[in-house]
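Single-structure report; data block below.
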Amino acid sequence: MHLNLGEWNELIERSLADPDSEPILNLERDEDPVYDAVFVGGGAGGRFGAAYMKAMGGRPLIIDAWPFLGGSCPHQACVPHHLFSEAAEELDRARWFSDELFYPKFDASRASILEMVKLFLAGRGSAHAFMNWQTKEQLEVEYVLNARATIIDKNTVQAAGKTFKAKNLVLGMGARPIDIDIPGLDLHGVFDFVSLVEELDYEPTRCVIIGGSKVAMEYGAFFHATGCDTTIVSRSQLMRTKALHHVDEDLRQYVVGGMRKRGMEILEGAHPVSVNGDERVRSVTVRLESGEEIDIETDFVFMGTGERPNTAHAQDVLGIEVNDYGRVIANKRMQTNVPGVYAIGDMIDGPMEMFKARKSGVTASRNIMGEDLEFDFSEYPDFLHTTYEVTWVGLTEEEAKAALDEVIIIQMPPYVEGLDTPNLPLPCAEGTMLYAFSKPELSGFQKLVIDGATRKVVGAHHVGYGAKDAFQYLDYLIHRPEGLTIDTLGWMNELFLNPEHFVQLSRLRAGKSKLIHL
Ligand code: KPC
């Protein structure tokens with residue numbers, strides 16, 4: 001049976017709506033096959049791992065409780081986050097330019113969190129349908145969906161009333177938001193990124209975010225941009241949480257300062273004490289850094305305290321070992337303490353980001369198929385969104401100065417004291433041209449960190465728009481054994497005006513045998 005995208009969409013929506021709906025089977029017709037691997041979980045890690053295994057000539061099977069492949073990304077996590085972040089960027093622009101140039105007067109009543117959630121819900125089915133269609137028709141991977149997997153032992157999984165045998169298991173059951181232990185989290189009006197899209201049924205007017213994670217910053221910036229005044233309550237300084245590394249202080253100040261400039265309240269060193277109300281949320285009690293306790297009135301609380309992997313079943317049945325943070329302990333081949341059992345994606349340590357999910361799945365498959373491949377994700381490019389796109393890779397200025405004898409900085413606005421930077425219309429490029437000409441202090445920030453002795457780029461940091469693509473390649477280039485020198489970077493062919501300016505700025509300095517800041 002070959003369903004088209006519309007038919008897939010209908011089947012998935014019907015299955016989601018009915019808890020008693022039938023499993024969805026896409027299986028070859030042979031009797032009792034032994035799979036090279038059963039992937040428990042068909043999110044990004046499981047889907048890419050299985051597709052790669054199939055491409056290598058292996059036989060994978062994916063089992064997932066949801067009626068679609070792709071996991072939380074298209075359903076509740078990355079995709080809605082990107083939709084909301086793009087809305088935040090557009091709303092920010094519409095507010096700054098309200099009644100200027102060709103922009104109409106900003107009408108806050110047109111900016112609605114609920115409407116954006118509904119827009120997402122109305123559209124997410126197309127990604128679901130495509131995942132199922134592509135995996136079946138183009139990638140030729142077998143799967144059982146809409147059926148919870150029960151692991152029997154390390155070679156046996158049951159689902160949809162069937163028993164499946166496999167030489168290996170690959171665990172990719174994802175993660176869920178962490179609840180902290182304070183009273184009131186069961187009140188109506190308390191959400192996390194999952195329940196936001198599944199359950200929001202009113203328009204919030206005032207928001208308190210508990211936690212200082214990427215999710216807290218990203219969703220907070222969106223809520224605030226719609227006109228829902230937002231306070232972030234974070235124990236750590238924003239962007240100084242354990243989950244983030246290599247955050248340059250100048251970049252951090254530009255980003256967090258930018259959030260405050262837009263009217264967000266950011267309480268750092270603050271502890272949530274309780275969420276208060278009768279049935280519905282009314283306020284949040286917060287202990288400030290000074291020790292003083294305050295009540296913040298609100299009708300909307302959003303939890304941004306991080307996520308924890310779903311490991312209980314694998315721990316109970318297989319004795320899988322986890323670390324103090326609940327992450328499965330896996331080596332660089334994604335092997336767990338149980339031979340033949342691999343863990344991937346958000347189950348294991350490291351950033352809960354797409355590249356790690358997909359590549360860890362692929363790494364498990366390539367090892368299962370006989371390759372000796374390690375995936376080291378101790379260094380990687382990172383990003384988040386506020387009303388800006390923020391990207392970084394490699395060392396911060398401070399880290400470089402601690403590690404190297406001579407550190408050269410190339411940045412925009414330039415590295416000089418006393419420059420009238422708020423009026424300097426730089427950086428400017430796609431996405432910041434209007435700001436550069438009209439509100440120059442809003443046009444972003446960028447910094448390149450160079451080892452003066454070897455001339456190699458050791459770090460890059462960017463606030464603006466459109467630099468994410470460049471950072472994928474910068475990450476690869478600077479982490480090659482031969483690295484990337486200012487000379488090589490400065491001899492690349494820039495596509496003017498490129499958002500991060502690093503090519504042309506490097507060229508302005510590369511002629512100097514002894515480098516100096518720019
Ligand atoms: C647009 C898009 O790719 C969203 S969902 C990705 C899920 S998967 O391809 O399985 O990593």
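The values are calculated or read from the model by the stated rules, or taken from the named source; none is laboratory data. Since the structure is predicted, the reported quantities are computational estimates derived from the model, not experimental observations. Counting neighbours? That spans all protein chains shown, and the Cβs are built from the backbone with ideal geometry, glycine included.
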> Any chance region 32-45 includes a residue that's assigned to a helix (DSSP H, G or I), surrounded by fewer than 24 Cβ atoms within 10 Å (Cβ to Cβ), within 15 Å of the ligand (Cβ to nearest atom) and in contact (Cβ under 8 Å) with a residue 60 or more places away in the chain?
Replying inline: no
>> Which condition from (1) out of contact with any Cys (no Cβ under 9 Å at 6 or more places or on another chain); (2) crowded, with 16+ Cβ neighbours inside 10 Å; (3) under 28 Å from residue 245 (Cα atoms) is the one that residue 443 breaks?
In response: (1)
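May I ask you to verify whether residue 72 is at pLDDT 95 or above, polar (S, T, N, Q) and in contact with a His (Cβ under 9 Å, 6 or more places away or on another chain)?
Working: at pLDDT 95 or above: yes; polar (S, T, N, Q): yes; in contact with a His (Cβ under 9 Å, 6 or more places away or on another chain): no.
Spelling it out, it is not the case that residue 72 is at pLDDT 95 or above, polar (S, T, N, Q) and in contact with a His (Cβ under 9 Å, 6 or more places away or on another chain).
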> Looking only at region 146-195, which residues are among the small types (Gly, Ala, Ser) and touching a Phe, Trp or Tyr at 6+ places or on another chain (Cβ under 9 Å)?
Replying inline: 149, 166, 172, 189
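Residues of region 72-126 being among the polar types (S, T, N, Q) and within 16 Å of the ligand (Cβ to nearest atom), which ones?
Within region 72-126, 72, 76, 85, 126 qualify.
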> Inside region 409-440, can you point out the residues that are surrounded by 15 or more Cβ atoms within 10 Å (Cβ to Cβ) and under 19 Å from residue 385 (Cα atoms)?
Replying inline: 427, 428, 429, 431, 432, 435
>> Restricting to region 447-480, count the residues that are of a type in the set (Gly, Ala, Ser), within 16 Å of residue 432 (Cα to Cα) and either without any contact (Cβ under 8 Å) to a residue 60 or more places away in the chain or surrounded by fewer than 23 Cβ atoms within 10 Å (Cβ to Cβ) (or both).
In response: 1
> Hey, which of the strands (runs of 3 or more DSSP E) in region 93-200, taking only ones fully inside, have at least 2 residues that are out of contact with any Lys or Arg (no Cβ under 7 Å at 6 or more places or on another chain) and among the aromatic types (Phe, Trp, Tyr)?
Replying inline: none
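Taking region 127-184 as the search range and keeping residues that are of a type in the set (Lys, Arg) and farther than 17 Å from residue 45 by Cα, which one is nearest to the ligand (Cβ to nearest atom)? Show your work before the answer.
Restricting attention to region 127-184, the residues satisfying the condition of being of a type in the set (Lys, Arg) are 136, 148, 154, 162, 165, 167, 176.
Pick out the ones that are also farther than 17 Å from residue 45 by Cα and you get 148, 154, 162, 165, 167.
Details: 148: 19, 154: 25, 162: 23, 165: 25, 167: 23 Å.
Checking each candidate, the answer is 148.
Pick from region 223-264 the residues that are among the charged types (D, E, K, R) and part of a helix (DSSP H, G or I): which of them is surrounded by the most Cβ atoms within 10 Å (Cβ to Cβ)?
Taking region 223-264 and keeping what is among the charged types (D, E, K, R), we get 229, 235, 240, 242, 248-250, 252, 260-262.
Then drop every residue that is not part of a helix (DSSP H, G or I), which leaves 249-250, 252, 260-261.
On the way: 249: 13, 250: 18, 252: 20, 260: 10, 261: 11.
Checked region 223-264; the qualifying residue surrounded by the most Cβ atoms within 10 Å (Cβ to Cβ) is 252.
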